[in-house]
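Read the figures in this text as sums done on the coordinates, not as results from a lab. Since the model is a prediction, treat every value here as computed from it, not as a measurement. With ideal geometry, Cβ positions are generated from the backbone for all residues, glycine too; neighbour counts draw on all protein chains shown.
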Ligand SMILES: [Zn+2]
């Protein structure tokens, strides 16, 4: 099915990019992105994916909006305080782009429910703030071979990589142990916006088959010094998650 006239206008500027075009735009329309966490990373990622015309977004977050979220979680407004983030996100995203279907999921990620939640997704975005849930998602991504875009952020720094089993290292190869973190850690909105936006870029590129995704490389960003570093990452042959999936 072709794009509507309104869609052609909405997406006009991005379709001018080499390797994008109307064909690419249809690929985006047919894609489903699972966004785990509608917080500092999930907000910019979801907004840019919706704006770009990803056909279906599944937004998974069981928490409610607090005043302390609003310095970075740009999906939300003051009047959303006290409501579930996934549902508040749907409202904001539908207002931005009514051509996008948004499925809110008010559930905590567990070993038991994750396969059903992710099911038919094209890509998984790790916009979480804890490694327990990340490891559950990572295992699912390795087992199903769905590409998994990890990002993490603290203060004015963060990191991102694209994981695709069995080709690349998985999250457990890179971080065999969770990174240390406090329950309430410092975080700047522009910094989480940076990393969440990079996640959206990588997801769009994946769907379009454009350029090179950030595979086998961890991109680390230091916002205070405004420096990017690329760290080469390798599969751990003894990895308990992906070690046997070559
Ligand atoms: Zn691994």
**Message:** Calculate the FRET efficiency for residue 210 and residue 30 from the Cβ-Cβ distance with a Förster distance of 25 Å, rounded to the nearest 0.05.
**Reply:** 0.95
**Asked** In deg cm²/dmol and to the nearest 500, what is the mean residue ellipticity at 222 nm of the chain if only DSSP H runs of at least 4 residues count, each as -39500 (n - 2.57), divided by the residue total?
**Response** -10000 deg cm²/dmol
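With the Cα gyration tensor of the chain in hand, convert its eigenvalues to equivalent ellipsoid semi-axes via √(5λ) and list them largest first in whole Å.
Numbers: eigenvalues 133, 100, 66 Å².
They are 26, 22, 18 Å, listed largest first.
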**Message:** For a Förster distance of 25 Å, can you work out the FRET efficiency between the beta-carbons of residue 22 and residue 120, rounded to the nearest 0.05?
**Reply:** 0.55
**Fill in**
Given 2-11, 149-158, the highest-first ranking by average Cβ count within 10 Å works out to 149-158, 2-11
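At a Förster distance of 41 Å, what's the computed FRET efficiency of residue 167 paired with residue 77, Cβ-Cβ distance as r, to 0.05? Please report the intermediate quantities before stating the final value.
Working: r = 41 Å, r/R0 = 1.00.
Here the calculated transfer efficiency is 0.50.
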**Request:** May I ask you to compute the full-extension gain from residue 103 to residue 70, defined as 0.36 nm times their residue separation minus their alpha-carbon distance, rounded to one decimal in nm?
**Result:** 9.7 nm
**Item:** Gaussian network model of the chain, springs between alpha carbon atoms under 10 Å - residue of 235, 182, 27 with greatest fluctuation
**Value:** 182
